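Working notes, beginning with the structure itself.
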Amino acid sequence: MQNLTMWHNMACSKSNSAKCYLDDNGIKINVRNYLENPPSKVEIKELLNKLNIGVKELIRDSEKEYLELDIKNIDDENRLLEILEQNPILIQRPIIIGDTKAFIARLPLKIEDILNEF
């Protein structure tokens, strides 16, 4: 299996469920608390390539920052990357990242299927 990293938010129940699943099943994974150690624009762009999605698909629209920053009306990708770099709370979670691909692991029951993709 590839070297895996999980972008984790300890205040998120889905992120905690994913981490518990990995821990309970003895799956070794590097954990990055991305709120304390925010990703750079370059890292976010690399992640988007691995996820094979656009930047807006990575953004959580349920956060207050989404409304405050009027993200719905921003189409400039570079500006959106800057916003995510400055407001990592807006990044979907948890995300499991491998060498060549990544997955947003919002459903803990799907983690086993996701891990089989690496």
Report task. Normalise the Debye intensity by I(0) for the range 26-68, one equal point scatterer per Cα, no solvent, then take log10 at q = 0.17, 0.20, 0.23, 0.25 Å⁻¹ and round to two decimals. Result -> -0.65, -0.85, -1.01, -1.07
Report summary line: Relative to the compact-globule estimate 2.2 N^0.38 Å (N residues), the Cα gyration radius of the chain stands at a ratio of 1.03
Query raised in the report: Can you give the extra length, in nm with one decimal, that the chain gains between Lys72 and Lys28 once fully stretched, where that is 0.36 nm per residue apart less the Cα-Cα distance?
Result: 12.1 nm
Query raised in the report: Which number gives the lysine pairs in the chain that have C-alpha atoms under 22 Å apart and are eight or more places apart or on different chains?
Result: 28
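Nothing charged except the Cβ atoms of Lys and Arg (+1) and of Asp and Glu (-1): what's the magnitude of the dipole of the chain about its Cα centre? Round to the nearest 20 debye.
260
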Report summary line: Label model pair Ala11, Lys110: point-to-point distance (7 angstrom along the Cα→beta-carbon line) in nm is 2.5
Report summary line: FRET efficiency (Lys56, Asn3; Cβ distance; R0 41 Å; to 0.05) is 0.90
Query raised in the report: Which far-off residues, 5 or more places away or on another chain, put their amide H under 5 Å from the one on Arg60, with H placed in the peptide plane?
Result: Ile91, Gln92
Report summary line: For Glu63 and Phe118, extending 7 Å from Cα along the Cα-Cβ vector and measuring point to point gives, in nm, a value of 2.3
Query raised in the report: What is the local net charge at Asn78, summed over the other residues whose Cβ is closer than 11 Å to its Cβ (Lys, Arg +1; Asp, Glu -1)?
Result: -2
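What does the charge count near Arg93 come to, summing +1 for each Lys or Arg and -1 for each Asp or Glu among other residues with Cβ under 10 Å from its Cβ? Could you put the intermediate results ahead of the total?
Values: positive: Lys14, Arg60, Arg106; negative: none.
Net charge in that neighbourhood comes out at +3.
For the range 8-105, what does the relative contact order come out to in percent, with C-alpha contacts under 8 Å and a separation of six or more? If you can, show how the numbers build up before the last one.
Values: 97 pairs, mean separation 32.8, N = 98.
Relative contact order for the range 8-105 comes out at 33 percent.
Laboratory data are not the source of any read-out in this text; all were calculated from the coordinates shown. It should be emphasised that the depicted structure is a prediction, and the values quoted were computed from it without experimental measurement. No Cβ is skipped: glycine too gets one built from the backbone with ideal geometry, and neighbour counts run over all protein chains shown.
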